[in-house]
Number of protein chains: 2
Amino acid sequence: MEIKIIGIKGIPLIKTGDNLSQLILKAAELQDLQLDNEDILVIAETAVAKAEGNLIHLENVKPSPNAIEIAEVTGKDAKLVEAIINESNEIIKVGPDFIISETKHGFVCANAGIDESNVDDGLATPIPLDPDNSAQLIREKLEKTTGKSVAVIISDTQGRAFREGAIGTAIGISGMLPTWDRCGELDLYDRELKTTSIAVADELSSAASMVMGQANEGIPVVIIRGVSYFKKLRNEYANIKPLIRPKKYDVFRE
Amino acid sequence: MEIKIIGIKGIPLIKTGDNLSQLILKAAELQDLQLDNEDILVIAETAVAKAEGNLIHLENVKPSPNAIEIAEVTGKDAKLVEAIINESNEIIKVGPDFIISETKHGFVCANAGIDESNVDDGLATPIPLDPDNSAQLIREKLEKTTGKSVAVIISDTQGRAFREGAIGTAIGISGMLPTWDRCGELDLYDRELKTTSIAVADELSSAASMVMGQANEGIPVVIIRGVSYFKKLRNEYANIKPLIRPKKYDVFRE
């Protein structure tokens, strides 16, 4: 049992309007890499946001009084705070140097997922407007061009509660379910598993992150090949929702 | 850039006193697999706990009044609750069907990491007493036998705040640092990264989990080969602490 995580090199800096699926296939070809059935492509959200032109021009943002207040508490730039508020359903917690909110998509994360790395000065990339839809459009083009059946995950690098360090995390998916519910399956001693649901899309995003890097590696797209559960989780209508814990079941929000 | 995640098949059900490093090397040999320099071995904590004989005989546990009270709130077995209390520094949150605590090691997780899957009936496996030490002993034996320089991670499958589904998570490490601090490195636009620390040990554990499975796959040990940051993070004295957010910086605990 072997899984390969293959970085696609040579994808140029992404600009608004770029056709990501075309850039991916071209770069893959240059390294003699063809897409296979059951390949899972993990794509960094910054690349998607840039291709979609979903950029925040921080100089044009007018901070509200609320943003100015939070900027004082957190020590963050008030324009950035206003952008975070705009991207959020709810500000959950603020403190020195941090803002944790629920994004418009439902993700609980720092800074509403707004990224100031790997984008031109004065710009910031929010999480794509509809990451599931972004993933679906890319998947459809890849499948149409190659005739292969693949899945696409849009990933972000996010911190977590209780643990230090950020990890690759899934924010959009197309072509496969993001969780694998193993309840009812048997363990090594033939006993039924009671509660195990595995967040496979997050595990795949973390695995891809090992190759992508977050600095100047220039590898925004990774192919994961050889995942045994692909067929079991194949689904044309999957989205990221099963990974988001509904607020009513969230025991850490006040 | 390619990383391989290779499952080691044919490791028998682990019993108390088993020599894990020997079992690993023997099983690897049967599939024509030799350890290489810079290999990272991820080992499921259940296998370590069983080899170390660190098992809880639930029938022998006497529930305290506190355990009985929490058992009523959570609907969990009072003996299991008592075992969770014994494994914990602090019970953080309880509710229908869940107990979140800080374990004796400092990990915030559900059920103090006590596992009732993949162990004989009536038994449960807590997190190993000192997972860093477990990792170190295995690493030293592997390195002595093979002459290769490797790292060992002990992994658990844990849930998270705010997101559904469990993921592979590191609880012990030897031979490399668990986090990669990238502050000061440059992004694609030659700007300094300000805050990016990557929890590589958690990403490696999640990647390994894609091959291990949590049911009856019988693959408790995985080799990750081709990780580019191995040399940079190589450290003989590393431990898991950098991954644990100190309580004073934890914004979600009341």
For the stretch A:183-248, which GluC sites (Glu not before Pro) are both in a DSSP coil and crowded by at most 13 other Cβ atoms within 10 Å?
-> A:Glu236
Ranked by accessible surface with a 1.4 Å probe, highest first, in what order do A:Lys232, B:Lys62 come?
-> B:Lys62, A:Lys232
After finding the eigenvalues of the alpha carbon gyration tensor for the stretch A:152-206, what semi-axes result from the square roots of 5 times each, listed largest first in whole Å?
-> 26, 16, 7
D (Stokes-Einstein, µm²/s), Kirkwood Cα radius, the protein assembly as shown, 0.692 mPa s at 37 °C = 140
Using only protein heavy atoms and a 1.4 angstrom probe, determine the accessible area buried between B and A, summed over both sides, in Å² to the nearest 100.
-> 6800
Could you give the nm distance between label points at A:Asp120 and A:Lys93, where each point is 7 Å from its Cα heading toward the beta carbon?
-> 3.7
Put a label point 7 Å from Cα along the Cβ direction on A:Leu55, then list its distances to the equivalent points in the other copies in nm, shortest first.
-> 6.1
For the stretch A:152-168, just list the computed ³J(HN,Hα) in residue order, Karplus coefficients 6.51, -1.76 and 1.60, θ = phi - 60°, integers in Hz, with x standing in for Gly and Pro.
-> 10, 10, 9, 10, 10, 9, 10, x, 9, 6, 6, 10, 7, x, 9, 9, x
Where labels lie 7 Å past Cα in the beta-carbon direction, separation of A:Asp250 and A:Lys104 in nm | 1.7
Mind grabbing the accessible area of B:Lys247 for me, 1.4 Å probe, Å², rounded to tens?
-> 110
What do you reckon, how do B:Arg225, B:Arg163 stack up by accessible area (1.4 Å probe), largest on top?
-> B:Arg225, B:Arg163
Kindly report, to the nearest 10 Å², the accessible surface of A:Thr103 as traced by a 1.4 Å probe over protein heavy atoms only.
-> 0
Running Debye on chain B with equal point scatterers at the Cα sites and no solvent, what base-10 log of I(q)/I(0) appears at q = 0.15, 0.17 Å⁻¹?
-> -1.08, -1.32
Between the stretch B:63-142 and the stretch B:188-254, the alpha-carbon center distance in angstrom | 22
Would you calculate the separation in nanometres between label points at B:Asn86 and B:Glu72, each defined as 7 Å from the Cα along the Cα-to-beta-carbon direction?
-> 2.3
Tell me, what is the 1.4 Å probe accessible area of A:His57, in Å² to the nearest 10?
-> 90
Taking all protein chains together and a probe of 1.4 Å, list B:Cys183, A:Cys109 from the most accessible to the least accessible.
-> B:Cys183, A:Cys109
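The values are calculated or read from the model by the stated rules, or taken from the named source; none is laboratory data. Everything numeric in this text was worked out from a predicted model, so none of it was measured. Virtual Cβ from ideal backbone geometry, glycine too; neighbours counted across all protein chains shown. Note: areas computed on protein heavy atoms with side chains; ligands, DNA, RNA excluded. Shrake-Rupley method; radii C 1.70, N 1.55, O 1.52, S 1.80 Å.
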